[in-house]
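Notes to accompany the following structure.
Each value in this text was obtained by applying a stated rule to the coordinates, not by laboratory testing. Since the structure is predicted, the reported quantities are computational estimates derived from the model, not experimental observations. Neighbour counts are summed over all protein chains in view; Cβ atoms, including those assigned to glycine, are modelled from backbone coordinates with ideal geometry.
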Amino acid sequence: MKSETIEVTISCERSSCSIPVTFDPKVAFGKVRAPVKVTINGFTFRSTIARMGGKTFIPLRKNNRISAGVKKGDGVLVTIEADTEVRVVEVPSDLADALKENEGLWNKWSKLSYTLQRESVESVMGAKRVETRRRRIQKVKEFVTSKEG
């Protein structure tokens, strides 16, 4: 499996942090927006390489920064490898039931990107109160309804 190990400095702008990609991902992985597994300090997470504003980077979410024990300005050794495994989000039963109430909603959900599915599930799972969880499930349904396809 193709991988690259690079030494970089964690970059942050406002509340958004990232890992600069210092090589051409199209050459290394066959495309710029390549799905990858990233390992920092022994912690591995899945992501996708992004390119915006002329910069190529991997988004570094807060929970991944905490798990890897890194912060803005840290110099780190990062291993980036092609992620060829199928990405599947485990949908909690109450969210799945809500999406299946409407005939086409579950099909639309199934066509959403891994990231959108994951973020929606994390929102629902992060609710501490039953009322909050119900409200977030409703928001996910509205979000899915608004999507094309």
Region 65-112, Cα convex hull volume normalised per residue, Å³: 141 Å³
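Grab the DSSP H runs of the chain that are 4 residues or longer, score each as -39,500 (n - 2.57), total them, divide by all residues and round the 222 nm result to the nearest 500 deg cm²/dmol. Present the calculation step by step, with values, prior to reporting the outcome.
Numbers: 6 runs with 56 residues, N = 149.
Roughly -11000 deg cm²/dmol at 222 nm, from the helical runs in the chain.
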Using θ = phi - 60° and Karplus 6.51 cos²θ - 1.76 cosθ + 1.60, couplings along region 75-80 (whole Hz; Gly, Pro as x): x, 9, 9, 10, 9, 10
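So what is the diffusion coefficient of region 93-146 in µm² per second by Stokes-Einstein at 4 °C and 1.567 mPa s, using a Kirkwood Rh over Cα pairs?
On the way: Rh = 11.1 Å.
My calculation gives 117 µm²/s for D.
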Stokes-Einstein D (µm²/s) once Rh is taken as the Kirkwood radius of the chain over alpha-carbon pairs, at 25 °C in 0.890 mPa s: 144 µm²/s
Rule-of-thumb Rg ratio for region 3-82 [Cα; 2.2 N^0.38 Å; N residues]: 0.98
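So for Ser67, Ser15, fewest C-beta neighbours within 10 Å to most, what's the order? Spell out each step's value before the answer.
Details: Ser67 15, Ser15 6.
Least crowded to most crowded, the residues run Ser15, Ser67.
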